[in-house]
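One structure is given here, and the rest of the page talks about it.
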Amino acid sequence: MSERNTVLRSLHDVGLAAWFGGALMGVVGLNGAASDAKSPAERLRISSIGWGKWAPLQFAAIVAHGIGAAGLIPANKGRLAVQPEARVNANAKFWVTVVAGVTTLYSALVGARMAKHADEGAESVTQPGATTSPKLASAQRQQRVLQWLIPIFTSVLIVLTAQQGEQQRPVAGLLKAGKRRKH
């Protein structure tokens with residue numbers, strides 16, 4: 001049986017890359033550009049439209065990452081059994097993924113609340129304006145933090161994934177966990 005997991009690794013890595021990159025581009029590019037719209041009412045509308053178009057792809061990226069991650073756990077069960085640091089990493093990745101997923105979902109819900117009030121206008125996507133209602137202002141304050149948490153959490157996942165790759169290198173004359181090199 002092959003020990004390669006190219007499809008699972010690809011789903012894991014490409015899904016994570018799209019999740020991270022899409023979130024970061026949305027915060028910097030989409031929200032930044034929408035905040036420069038001349039009309040305060042257009043700022044939230046443009047941002048909401050852009051995030052709405054990205055949402056299905058972001059969901060697909062998160063699902064792909066999850067499928068890849070879930071498939072790699074049994075594929076690496078031998079290594080996880082003998083490498084305590086690999087188990088620590090896998091557990092950390094699991095919980096950071098859960099937190100990133102919950103943060104992404106909550107951000108989407110807050111974004112939907114903002115979209116419902118887009119006609120009120122705002123100083124920027126996450127800064128209330130003179131005509132902003134308390135409901136919209138509250139959502140904007142939340143989104144101001146949430147929008148940055150997603151790329152932060154997903155970048156932590158990227159680092160943990162790199163660490164896992166390093167843990168798979170042969171160590172002290174071992175090709176694989178528990179097997180000695182043949183001379």
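HN-Hα J couplings of the stretch 79-84 from phi, Karplus 6.51/-1.76/1.60, θ = phi - 60°, integer Hz, Gly and Pro as x?
Each residue's phi maps through the Karplus curve to give 5, 5, 5, 10, 10, x Hz.
Based only on other Cβ atoms within 10 Å, what is the fewest-to-most ordering of Val125, Val110, Val7?
By the 10 Å Cβ count, ascending, the order reads Val7, Val110, Val125.
Against the longest alpha carbon principal axis of the chain, how many degrees, from 0 to 90 and to the nearest 10, is the axis of helix 6-25 turned?
Helix 6-25 sits at roughly 30 degrees to that axis.
For Gly129, list long-range residues whose amide hydrogen, built 1.01 Å from N in the peptide plane, is under 5 Å from its own amide hydrogen.
Here the answer is Glu123, since their amide H atoms fall under 5 Å of that of Gly129.
Would you kindly state how much longer the chain becomes between Asn5 and Glu85 on full extension, computed as 0.36 nm times their sequence separation minus their alpha carbon distance, in nm to one decimal?
That works out to 26.7 nm of additional length.
Cut-off is 10 Å between beta-carbons; in what order do Met25, Met114 appear when sorted fewest neighbours first?
Starting with the residue having the fewest Cβ neighbours, the order is Met25, Met114.
Can you tally the lysine pairs in the chain where the Cα-Cα distance is under 17 Å and the two residues are eight or more apart, or on different chains?
5
Tell me the mean residue ellipticity at 222 nm calculated for the chain from its helices only (DSSP H runs of n ≥ 4, each -39500 (n - 2.57), averaged over every residue, nearest 500).
-25500 deg cm²/dmol
Quick check: the angle from helix 40-75's long axis to the longest principal axis of the chain, C-alpha only, nearest 10 degrees?
10 degrees
For the chain, with only Lys/Arg (+1) and Asp/Glu (-1) charged at the beta-carbon, what is the dipole magnitude about the Cα centre, in debye rounded to 20?
940 debye
Taking the stretch 1-96, which GluC sites (Glu not before Pro) meet the DSSP loop condition and have no more than 16 other C-beta atoms within 10 Å?
Those that pass, being in a loop and sparsely packed, are Glu3.
So which residue, out of His12, His65, His117, gets the largest mean-square fluctuation from a GNM of the chain using Cα contacts under 10 Å as springs?
Comparing His12, His65, His117 in the GNM, the peak value goes to His117.
For the chain, compute Rh as the Kirkwood radius over C-alpha pairs and then the Stokes-Einstein diffusion coefficient at 37 °C and 0.692 mPa s; write the answer in µm²/s, rounded to an integer.
The Stokes-Einstein estimate is 180 µm²/s.
Can you figure out the FRET efficiency of Lys38 with Arg144, using R₀ = 30 Å and their beta-carbon distance, to the nearest 0.05?
0.85
Taken together, the values in this text are just the output of simple stated rules run on the coordinates, not laboratory data. Predicted model, so just to flag it, every value in this text is computed and none were measured. With ideal geometry, Cβ positions are generated from the backbone for all residues, glycine too; neighbour counts draw on all protein chains shown.
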